[in-house]
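Structure record follows, encoded as structure tokens.
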Amino acid sequence: MTSLRATLLGVLAILLWSTIVGLMREVTFNFGPLGGSALVYTGASILLVLTVGFPKLNTFPKTYLYIGTLLFVAYEICLSLSLGFATSDIQAIQVGLINYLWPSMTLLLAVVLNGQRPRLLMLVGIAISMFGISQVLGQGQGNLWQSMLTNLSENPLSFALALSGAIIWSLYCVLTKRIANGCNGITLYFILTALALWCGFILTPQPSLHFTTTGIGALCLLACAMGLGYAAWNTGILHGNIKLLATLSYFIPVISSLFSSVWLSQPLNGMFWIGALLVCGGSLVCWVGGTLTK
């Protein structure tokens, strides 16, 4: 495969991932938080089996198999349920943006776990991203901090799950790079995530699944975005221009918010877009600080 084709597949993965927040909101609205999420990961698992294949587990380092599984499944559950439990479309978009704090956290954590002291520029980047989130949650109404706290108090579960997911994914990114030894357990992880969600659906009181044309359409699109997105990204980072793809990935928050706004017919005000750009900018500042640390 040529480098250009692999890079284009990586770009495709970024675009596919940018649809996850809006589509997940649509799916969980139609099928419920647990039922919808379980259906999505089931469909994505089938696609991954067909495209990536099932890994040979006996070749996996035991540490990667156990720790990687735990972190990945926990992250995916936090992400899907944080969106599913959102009480409105605008809140789902806000929750989705919190999830994208993970690039800054990953860079900071990588430096700390290497036993290095993070540069001031990295801390500035984290601060910029957090300030961007405060703008998004404050919604530009009156006192910024009061508006933000009021918004958080309306649904602390969704926001806590989103923040937890960002932290867990940053741990996954840093730790699995050290312990994976070149192995890719993505298919296994998706299957286990689906099983965990189905267990939650069966063991807890949940609304019954009602299939509609809109719900099925969103479900199919989301399963493809997740399953094919991971498959395309894996090819992109292995054979494409990794520096270009890494830089473009920092703009996922803005692309994701734009898609979600259109898909959910939810207009976003100027302060939201300023906040989203600050989240992206903070990640880029962290990245620059990280390159100086090496």
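Return the pairs, sorted by first residue and then second, in which the second residue is of a type outside the set (S, T, N, Q) and part of a loop (DSSP other than H, G, I, E, B), the first residue lies in segment 86-107 and is farther than 15 Å from Gly138 by Cα, the beta carbons are less than 8 Å apart, and the residues are 6+ apart or on different chains.
Asp89/Leu264; Pro103/Tyr250
Could you tell me which of the residues Leu65, Leu107, Leu71 is surrounded by 22 or more Cβ atoms within 10 Å (Cβ to Cβ) and either modelled with pLDDT under 90 or in contact with a Phe, Trp or Tyr (Cβ under 9 Å, 6 or more places away or on another chain) (or both)?
Leu107
Here is a yes/no grid of residues against (1) surrounded by fewer than 24 Cβ atoms within 10 Å (Cβ to Cβ); (2) closer than 30 Å to Leu209 by Cβ; (3) among the acidic types (Asp, Glu):
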site	(1), (2), (3)
Val11	yes, no, no
Phe54	yes, yes, no
Phe85	yes, yes, no
Asp89	yes, yes, yes
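Could you name every one of the helices (runs of 4 or more DSSP H) located completely within segment 150-246 that has at least 2 residues being more than 23 Å from Phe29 (Cα to Cα) and basic (Lys, Arg)?
Per the criteria, 156-179.
For segment 248-260, which residues satisfy the criterion of being surrounded by fewer than 20 Cβ atoms within 10 Å (Cβ to Cβ) and of a type in the set (A, V, I, L, M)?
Those that are surrounded by fewer than 20 Cβ atoms within 10 Å (Cβ to Cβ) and of a type in the set (A, V, I, L, M): Leu248, Val254, Ile255, Leu258.
With the requirement that a residue be under 18 Å from Leu264 (Cβ atoms) and over 18 Å from the mean Cα position of the chain (by Cα), what does segment 88-136 give you?
Ser88
Would you check which residues across segment 261-277 are exposed (fewer than 14 other Cβ atoms within 10 Å of the Cβ) and part of a loop (DSSP other than H, G, I, E, B) and list them?
Within segment 261-277, Ser265, Pro267, Asn269 qualify.
For the subset of segment 233-247 comprising residues that are buried (at least 22 other Cβ atoms within 10 Å of the Cβ) and within 14 Å of Leu4 (Cβ to Cβ), which member is nearest to the chain's Cα centre (by Cα)?
Looking at residues that are buried (at least 22 other Cβ atoms within 10 Å of the Cβ) and within 14 Å of Leu4 (Cβ to Cβ), I get Gly236.
Any residue in segment 114-127 that is surrounded by 15 or more Cβ atoms within 10 Å (Cβ to Cβ) sitting within a Cβ distance under 9 Å of a residue that is not in a helix (DSSP H, G or I)? List the pairs, counting only those 6 or more apart or interchain.
Partner pairs satisfying both residue conditions: Ile126/Leu101; Ile126/Pro118.
The values are calculated or read from the model by the stated rules, or taken from the named source; none is laboratory data. Predicted model, so just to flag it, every value in this text is computed and none were measured. When we count neighbours, we look across all protein chains shown, and the Cβ atoms used for this are built from the backbone with ideal geometry, even at glycine.
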